[in-house]
Amino acid sequence: MNRFVAAERALRSAAPHHLLDALRDELDGDAWSAREVELYLADYSLTALRPVSPRPDPPEPVPMHGGPTGRAFGAQEPYLEKRGDGRVRAHLPVTVRGDRLGVLRLTLPSAAHAEEVLTELTELAGVLAHELVVAERDTDLYVRARRASRLTLAAEMQWQLLPARSSTTAEYALGGQLEPAYAIFGDNFDWSADADRLMLYVTNGMGEGIEASLLTNLGINALRNARRAGVPIADQAALADQALHAQYGGAQHLSVLLLDLDLATGQLRIVDAGSPRMLLLREGNVSSIALDAQLPLGMFEETQYTSQELTIEPGDRLVFVSDGVYSVATPGGEEYGERALARAINATRLLPAADVPGAVLRELSGHRGTPVADDDALVVCLDWFGRGESARTP
């Protein structure tokens, strides 16, 4: 049995809370000669990489936007750091299907040895990513490690709804982020893809705290239930509308932007049931997409919804924002608005989709003048590459 197969088998057979221990045991042998093996996971606010460690003296968190570990996370490429004693510290992205979980850091005895094992170690970090996703069904170890502070109960419910924070395929790349990460109320996003279609929901929740989170949970799960029944997005909106009205009698409603993307043609079917906005970056120009505004879900009984069509081109970038982004005001009362949002989208055009939401939200924080938002803010970015087309920079 070769060393990679042995390490992969050890990870797959390890108890969910012992993944890192199993990996350390394998990498510590003569085949790998790796020492100081540490796993860092991205925190909820995407500002730090936090260590996974049950030890009483765990390593310190490291910045996500600086240093060698942050560089490996941001570039999604291995980064080798030469040490003064001749050894090499390797920083390896831990990513599964485009969802950036964190970084595996370890020390190797020499540059020559690092060159020999780097490709296999990078692949092994990918195996670890898969096992982390599976392990989180059975242990809270990795979820706890990601937290710089306690989440509110409403935020706990919202984060549990998410499919992931990023996803990448041959046809598209997606990224999304919620703020305030540790105290989000009702904003959310959801996506699902098969061989032919990508469906995306961008949700702007009503209210605050638990009530907002309960409303969004019901709405998202009603939409998923309709989606999994195979009905078109206009009917998905109608069925979710009925579920929300039956529960709240029109007293609560949910603003949702529903999109159905044909992966073969780039044709979008869109239902605009509320306040989330949609902007298009094409060949360096940012424009707001005018949509046929329809009623938010749950306002009236048996509302009928219709979809409109839009075709996007390979190289296009779509950015979706909640009202907690475009209506944020400075201490003096000046709204952020679409002009400032367009500047932020253009300024981040060279970033991958996974990095855009965080960058826009950091820009928004500067406009607001405070580091913590007092209202939910949501940004989702979709890059469309096209099927059979080469990716272009938006």
**Message:** Of Leu244, Gln308, Gly84, which is farthest towards the positive pole of the chain's charge dipole, taken about the Cα centre with +1 and -1 on the beta-carbons of Lys, Arg and Asp, Glu respectively?
**Reply:** Gly84
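Given a cut-off of under 8 Å on Cα pairs at least six residues apart, what relative contact order in percent is computed for region 113-255? Numbers along the way, then the final one.
Values: 154 pairs, mean separation 24.3, N = 143.
Reported as a whole number, the value is 17 percent.
Determine the order of Arg150, Arg97, Arg317, Arg24 by accessible area, beginning with the largest, at a probe radius of 1.4 Å. Walk me through the numbers on the way to the answer.
Values: Arg150 215, Arg97 180, Arg317 0, Arg24 55 Å².
Greatest to least solvent exposure: Arg150, Arg97, Arg24, Arg317.
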**Complete:** Carbon/sulfur accessible area of the chain, % of total, 1.4 Å probe, equals 48
**Item:** Dipole in debye (nearest 20) - region 57-162, about Cα centre, beta carbon charges: Lys, Arg +1; Asp, Glu -1
**Value:** 360
**Request:** Report the accessible area of Glu26, computed with a 1.4 Å probe over the heavy atoms of all protein chains in place, in Å² rounded to the nearest 10.
**Result:** 60
**Message:** Output wanted: per-residue J couplings in Hz (rounded whole) for region 290-301, from phi through Karplus 6.51 cos²θ - 1.76 cosθ + 1.60, θ = phi - 60°, x for Gly and Pro.
**Reply:** 6, 10, 7, 5, 10, 5, x, 6, x, 6, 9, 6
**Fill in**
So, relative contact order of the chain in percent, Cα under 8 Å, 6 or more apart, is 13
**Prompt:** What are the ³J(HN,Hα) values, in whole Hz, obtained from phi via the Karplus relation 6.51 cos²θ - 1.76 cosθ + 1.60 with θ = phi - 60°, for each residue of region 247-259 in sequence order, with x given for Gly and Pro?
**Reply:** 7, 10, x, x, 6, 10, 9, 10, 8, 9, 10, 10, 9
**Fill in**
Distance in Å, no decimals, from the C-alpha centre of region 23-51 to the one of region 129-199 is 21
**Message:** Need one value: the accessible area of Glu211 in square angstrom, 1.4 angstrom probe, rounded to the nearest 10.
**Reply:** 110
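Is it possible to state the helix-based mean residue ellipticity at 222 nm for the chain, with each DSSP H run of 4+ residues giving -39500 (n - 2.57), the sum divided by total residues, to the nearest 500 deg cm²/dmol? What is it?
On the way: 11 runs with 132 residues, N = 394.
One gets -10500 deg cm²/dmol as the mean residue ellipticity at 222 nm.
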**Fill in**
Summed over the other residues with a beta carbon less than 10 angstrom from that of Tyr79, with K and R at +1 and D and E at -1, the charge totals +1
**Prompt:** How much accessible area does Tyr182 have with a 1.4 Å probe, in Å² rounded to the nearest 10?
**Reply:** 40
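Need one word for region 255-297: rounded, prolate or oblate. Basis is the Cα gyration tensor (sqrt eigenvalues a ≥ b ≥ c); a/c below 1.5 gives rounded, then a/b vs b/c decides. It would help to have the intermediate numbers written out before the result.
Numbers: a/c = 3.00, a/b = 1.31, b/c = 2.29.
Verdict is oblate for region 255-297.
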**Debye-sum result for the chain in log10 I(q)/I(0), which assumes one identical scatterer on each alpha carbon, at q = 0.10, 0.11 Å⁻¹** = -0.69, -0.83
**Item:** Listed residues Val103, Val37, Val319, most fluctuating in the chain (Gaussian network, C-alpha, under 10 Å)
**Value:** Val37
**Asked** When only Cα pairs under 8 Å and 6 or more residues apart are kept, what is the percent relative contact order across region 214-368?
**Response** 21
**Complete:** Taking the dipole of the chain about the Cα centre (Lys, Arg +1; Asp, Glu -1; charges at Cβ), the one of Leu121, Pro180, Ser13 that reaches farthest to the positive side is Leu121
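Counting other Cβ atoms within 10 Å of each Cβ, which GluC sites (Glu not before Pro) in region 266-370 have at most 13 and sit in a DSSP loop? Intermediate values should be presented prior to the final figure.
Numbers: sites: Glu283, Glu301, Glu302, Glu309, Glu334, Glu335, Glu338, Glu363; in loops: Glu283, Glu301, Glu302, Glu334.
Answer in residue order: Glu283, Glu301, Glu302, Glu334.
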**Request:** Go ahead and set up a Gaussian network model of the chain, Cα springs under 10 Å, then flag whichever of Gly205, Gly126, Gly102 fluctuates most.
**Result:** Gly126
**Message:** Just the number please: accessible area per residue for region 151-278, 1.4 Å probe, all protein chains included, in Å².
**Reply:** 33
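With all protein chains present and a 1.4 Å probe, how do Phe300, Phe185 order by accessible area, largest first?
Details: Phe300 115, Phe185 50 Å².
Order by accessible area, largest first: Phe300, Phe185.
The values are calculated or read from the model by the stated rules, or taken from the named source; none is laboratory data. Predicted model, so just to flag it, every value in this text is computed and none were measured. Note that we place each Cβ from the backbone using ideal geometry, even for glycine, and neighbour counts take in every protein chain shown. Areas reflect the complete protein model, heavy atoms only, side chains present, ligands, DNA and RNA absent. Shrake-Rupley method; radii C 1.70, N 1.55, O 1.52, S 1.80 Å.
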